[in-house]
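**Student:** Input: one structure, supplied below.
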Amino acid sequence: MFDPGPPAEVGYGQADDGRWVLRFVRDLRHPPEKVWRTLTVPDLLAKWAPFTADRDLGSTGPATLTMIDGDETVPLATEVRSAEPPKLLAYSWGDDLLRWELSPAGDGTRLTLWHTLADRDFVPKVAAGWHQCVRVMELMLDDTPHPPVRGQAALNYGWAELEASYRKTLDL
């Protein structure tokens, strides 16, 4: 049974370019250095993220992130724009921009994801997807791993309920 864990702290706003920015915040029990590795090391990313990476994301420059949905894969050209271990990682993801900020919180980490996207209606959908992914990351960090929750399979793990909850929280 997949326990989705507590809701994340979320908010959203409009960027200067007219796109929308989701702010997704979770407190994790692990230090920033350990969380940083899960965000950048390909073998660790593959265990929780909706994509795999062709290289370590801990340095700036081009990369390829390959989206996974069952047997279907879609490679996306990516540009790592900022990499400041263990506190800031920013990269393009298709037309979107992901900015991961890690700050110490006691013995753990406050993880803040800023996800910039074009369509406001997708903000709660994206929040639900990241909720599931970050929960799988958290389980991996806790040494109680769960297989990645990706693509259509997310519907089997409470995605619709999470999306409805975030839609209500975000007043969308």
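**Student:** Long-range amide H contacts for A105: which residues qualify at under 5 Å (H placed 1.01 Å from N, peptide plane, sequence gap of 5 or more or a different chain)?
**Tutor:** R110
**Student:** Would you please classify the overall shape of the range 1-73 from the alpha carbon gyration tensor, given that a ≥ b ≥ c denote the square roots of the eigenvalues, rounded means a/c under 1.5, and beyond that prolate means a/b larger than b/c while oblate covers the rest?
**Tutor:** Numbers: a/c = 1.37, a/b = 1.13, b/c = 1.20.
Verdict is rounded for the range 1-73.
**Student:** To continue, here is another question. Using a basic spin-label model with each label point 7 Å from the Cα along Cα→Cβ, how many nm lie between A15 and A164?
**Tutor:** 3.1 nm
**Student:** Then there's this: State the three equivalent ellipsoid semi-axes of the range 131-172, derived from the C-alpha gyration tensor as the square roots of 5 times its eigenvalues, in descending order and whole Å. Before the final figure, lay out the partial values.
**Tutor:** On the way: eigenvalues 98, 31, 8 Å².
So the equivalent ellipsoid measures 22, 12, 6 Å along its semi-axes.
**Student:** Across the range 41-49, in residue order, what do the Karplus-derived ³J(HN,Hα) couplings come to in whole Hz, using 6.51 cos²θ - 1.76 cosθ + 1.60 with θ = phi - 60° and x for Gly and Pro?
**Tutor:** 7, x, 5, 7, 4, 4, 8, 9, 7
**Student:** What distance in nm lies between label points placed 7 Å from Cα along the C-beta direction at R29 and D119?
**Tutor:** Computed distance between label sites R29 and D119 equals 3.8 nm.
**Student:** List the relative contact order of the chain as a percent without decimals, with contacts defined as Cα pairs under 8 Å and 6+ residues apart. Kindly include the intermediate steps, with their values, before the conclusion.
**Tutor:** Values: 351 pairs, mean separation 43.9, N = 172.
Value for the chain: 26 percent.
**Student:** Classify the range 81-139 as rounded, prolate or oblate from the Cα gyration tensor: take a ≥ b ≥ c as the square roots of its eigenvalues, call it rounded if a/c is under 1.5, otherwise prolate when a/b beats b/c and oblate if not.
**Tutor:** Numbers: a/c = 2.41, a/b = 1.33, b/c = 1.81.
Here the range 81-139 falls in the oblate category.
**Student:** Count the lysine pairs in the chain that are 8 or more places apart or on different chains: how many have C-alpha atoms under 24 angstrom apart? Could you put the intermediate results ahead of the total?
**Tutor:** Working: K34/K47; K34/K87; K47/K87; K47/K125; K125/K168.
The number of close lysine pairs in the chain is 5.
**Student:** Let me ask something additional. Where the only charges are on Cβ atoms (+1 Lys, Arg; -1 Asp, Glu), what is the dipole of the chain about its Cα centre, to the nearest 20 debye?
**Tutor:** Values: 18 positive and 26 negative charges, 57 e Å.
My answer is approximately 280 debye.
**Student:** Applying the Karplus parametrisation 6.51 cos²θ - 1.76 cosθ + 1.60 with θ = phi - 60° to the phi angles of the range 15-28, what ³J(HN,Hα) value in whole Hz is obtained for each residue in order, glycine and proline being reported as x?
**Tutor:** My calculation for the range 15-28 gives 7, 4, 8, x, 7, 10, 10, 8, 10, 10, 10, 9, 9, 10 Hz in order.
**Student:** Now, a different point. Starting from the Cα gyration tensor of the chain, multiply each eigenvalue by 5, take the square root, and state the resulting semi-axes largest first in whole Å. If you can, show how the numbers build up before the last one.
**Tutor:** On the way: eigenvalues 86, 75, 63 Å².
In descending order the semi-axes read 21, 19, 18 Å.
**Student:** Residue separation times 0.36 nm, minus the C-alpha to C-alpha distance between L172 and D54: what's the value?
**Tutor:** Details: separation 118, 0.36 × 118 = 42.48 nm, distance 3.56 nm.
Gain in length upon complete extension: 38.9 nm.
None of the figures in this text is laboratory data; all of them are computed from the coordinates on show. All values derive from a computational prediction rather than experimental measurement. We place every Cβ from the backbone using ideal geometry, glycine too, and count neighbours over all the protein chains shown.
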